[in-house]
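These notes are about the structure you will find just below.
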Amino acid sequence: MKLFRRKNPGVQQVIEVEKDEVSQALAEVVSEVEKKEKKLGWKERRKEKKKEKKEKLKIRRKGIEVEPYDPEKHGELAIAPEVEGYKEVERYWLEKPYAFASILFNEDENDYLYQVNEPTLNPFEMEVRNEIEEKLRDVLILEEVNPFVDKEEQLIEAVNQMIKDFRIKIDPVTYYKIIYYMVRDFIHYGKLTPLMKDPLIEDISCNGYGIPVYVFHRNYMNVSTNIVFEEEELNSYVISLAQKSGKHISIAEPMVDASLPDGSRIQMTLGKEVTSHGSTFTIRKFRDEPITPIHLIKWGTFSSEEMAYLWICIENSKSLIFAGGTASGKTTSMNAISLFIPKKAKIVSIEDTRELMLPHENWIPAVTRDAFQGEIGKIDMYDLLRAALRQRPEYILVGEVRGKEALTLFQAMATGHTTYSTLHADSVSGVIHRLENPPINVPRPMIEALDIISIQAQTYTGGKRVRRNIELTEIVDLDPHTKMLRTSTVFAWDSVKDEHKMVGNSKALEDIKTHRGWTTKELEFEMDRRRKILEFLAEKDIMDYKRVSGVVHAYQNKPDKVLKQLGIE
């Protein structure tokens, strides 16, 4: 009788699963490239699907028959009205066929206007909408929501049942208009729904009643819109946004920071208690698809060589702080480079509001909590960071350091934990100055534990506002005589040529070379291979974070296999 087996079947299964994951990740990327290169007639297939839909003369919804909407037969649902003095320069769909955006330009004032165009309701349609909306509120309060069925489907069924019960005779155009507004107002964000669905909008700002809502558009920067709130309407809307976020706002507590259901960050004020123009809100939108290193390369924020450098440093546990001004892309860059963290490494992230999205399974996302009454029940970043150190993480990601938690963060660095965070500062000297002085107060010898500082900024190139990594600087050591921190700039951005250049030697790469037992030639070879992989993905427009992370993690396991399958020499 054999008491021991030479092979552990459990371990063997894990190895086989890992191999399958690597092959699957590479297969997905290769197939994606092949699709893009061969252009497999996706436009033709889409046209065929549209024809199939048109062939279906009627659709049946919960006891009522509705003819499918056909723009050629029924006309357009949304029409853009002309604005005096403005000329349309761009138009694109936000939710086809219901809502689209028009970008208007006034040459005399050199001013852009963002116009939201939704279905226009005639007096009869307005009356039907108001009647259904009023009765629907009573119905939905009494009716239980099925968590296993899509909310939109349940709402449409309730509207259809109401139309049937009250025997309302409406044509297909009116029906689809009513459904659009019911879904918009009951499930989404009311007037702001089209703005929330626009992927080119980063921020949405309402500065009070009677004032147009402003947006920050990626192509046109700060632009006013045709959306305006009245005073009572705005107060009700802010209260509803707070409720959607699971928060309470009132005259007693008129300021609230929260996260909307889709992950967007929002800051709200109610009434005229703290803002004289009435209630306000600012929404920093959350992207459905996380930004990857490939996005940053394509946008010119970083070069492929800089990303290859960060890839090696992150994989080899070098700590990093992203510094810059407001909206310079600090958190976005931190989220992107987090894809380089080894697949099975233990990660703990700490944030005020959830922004980070990682593809890793071995990840604990922690979020702070406000006090219930006074200071009772409050959990701040310092509490979460202290708890994180007991969870034995290999990587700690902190949303932003601004107080006493920074000292604990640097203690974690000094004890071997790899940490990434963001900080408001516009230069390396500014970073060190903020860390050393109140309210952060990190002793200078402890700052030596930090390896790399990335300085980011919103700047201009070619007449356009862009985000650029201004420099990647390493902290070399603490001078024993002058007690000054010595730094070395490894990469710098040339604003004239809009290029990122390697301008100095890297202590971090030298440490990695020594630790890994590489020669200088092997280190350069490794950097070059990673740079080629990133350039290949950028060239083929492979930017989906699951595919990018799949290639990165596959390379960590089988580098030669990845290079071979991607056809990189």
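Of everything in the stretch 248-260 that's under 17 Å from Ala371 (Cβ atoms) and crowded, with 17+ Cβ neighbours inside 10 Å, which residue is farthest from the chain's Cα centre (by Cα)?
Step one: filter the stretch 248-260 for residues under 17 Å from Ala371 (Cβ atoms), giving 248-250, 252-258.
Now narrow it down to the ones that are crowded, with 17+ Cβ neighbours inside 10 Å: 249, 254, 256, 258.
Details: Ile249: 26, Pro254: 27, Val256: 21, Ala258: 16 Å.
Here the answer is Pro254.
Look at the stretch 76-89 and say how many of its residues are surrounded by 12 or more Cβ atoms within 10 Å (Cβ to Cβ) and in contact (Cβ under 8 Å) with a residue 24 or more places away in the chain.
Selection size over the stretch 76-89: 6.
Just to confirm my filter: which strands (runs of 3 or more DSSP E) fall fully inside the stretch 449-512 and include at least 2 residues that are farther than 24 Å from Asp528 by Cα, of a type outside the set (Phe, Trp, Tyr) and out of contact with any helix residue (DSSP H, G or I) (no Cβ under 9 Å at 6 or more places or on another chain)?
Numbers: elements: 452-461, 464-478, 485-494, 499-502.
Qualifying strands (runs of 3 or more DSSP E): 452-461, 464-478.
Name the residue, out of Thr408, Thr415, Thr419, that is within 19 Å of Thr473 (Cβ to Cβ) and polar (S, T, N, Q). First the steps, then the outcome.
Values: Thr408 fails: within 19 Å of Thr473 (Cβ to Cβ); Thr415 fails: within 19 Å of Thr473 (Cβ to Cβ).
When all the criteria are applied, what remains is Thr419.
Please name all residue pairs, on different chains or six or more residues apart, with Cβ atoms under 7 Å, provided the first residue is in the stretch 547-569 and is on the phi > 0 side of the Ramachandran plot and the second residue is surrounded by 15 or more Cβ atoms within 10 Å (Cβ to Cβ) and part of a helix (DSSP H, G or I).
Matching pairs, first to second residue: none at all.
So Gly263 passes all but one of these: (1) at pLDDT 95 or above; (2) at positive phi. Which condition number does it fail?
It fails just one condition, (1).
With the structure loaded, tell me whether Glu231 is outside the structural domain of Thr326 (by TED's automatic domain parsing) and without any contact (Cβ under 8 Å) to a residue 40 or more places away in the chain or whether it fails that test. Reasoning before the result, please.
Working: outside the structural domain of Thr326 (by TED's automatic domain parsing): yes; without any contact (Cβ under 8 Å) to a residue 40 or more places away in the chain: no.
No, not satisfied.
Do any helices (runs of 4 or more DSSP H) entirely within the stretch 116-197 hold 3 or more residues that are of a type in the set (Val, Ile, Thr) and surrounded by 13 or more Cβ atoms within 10 Å (Cβ to Cβ), and if so, which? Explain how you work it out, then say what you get.
Working: elements: 123-142, 151-165, 172-186, 193-196.
Hits in the stretch 116-197: 123-142, 151-165, 172-186.
With the requirement that a residue be of a type in the set (A, V, I, L, M) and buried (at least 20 other Cβ atoms within 10 Å of the Cβ), what does the stretch 261-295 give you? Lay out the reasoning, then the answer.
Restricting attention to the stretch 261-295, the residues satisfying the condition of being of a type in the set (A, V, I, L, M) are 266, 268, 270, 274, 283, 291, 294.
Answer for the stretch 261-295, where residues must be of a type in the set (A, V, I, L, M) and buried (at least 20 other Cβ atoms within 10 Å of the Cβ): Ile266, Met268, Leu270, Ile283, Ile291, Ile294.
Across the stretch 450-474, which residue is farthest from Thr301 (Cα to Cα) among those that are modelled with pLDDT of 95 or more and small (Gly, Ala, Ser)?
Ser454
Of these, Arg467, Arg390, Arg402, which one is under 21 Å from Ala336 (Cα atoms), of a type outside the set (S, T, N, Q) and out of contact with any Asp or Glu (no Cβ under 9 Å at 6 or more places or on another chain)? Show your work before the answer.
On the way: Arg390 fails: under 21 Å from Ala336 (Cα atoms); Arg402 fails: under 21 Å from Ala336 (Cα atoms).
Going through Arg467, Arg390, Arg402 in turn, the sole match is Arg467.
Which of the residues that make up the stretch 229-287 are β-branched (Val, Ile, Thr) and within 20 Å of Met357 (Cβ to Cβ)? Quick ask: steps written out before the conclusion?
Going through the stretch 229-287, the residues β-branched (Val, Ile, Thr) turn out to be 238-239, 249, 251, 256, 266, 269, 274-275, 280, 282-283.
Listed by number, the residues that qualify are Ile266, Ile283.
The values are calculated or read from the model by the stated rules, or taken from the named source; none is laboratory data. Computed from a predicted model, the values in this text were never measured in an experiment. Note: ideal-geometry Cβ built from the backbone for every residue, glycine included; neighbour counts use all protein chains shown.
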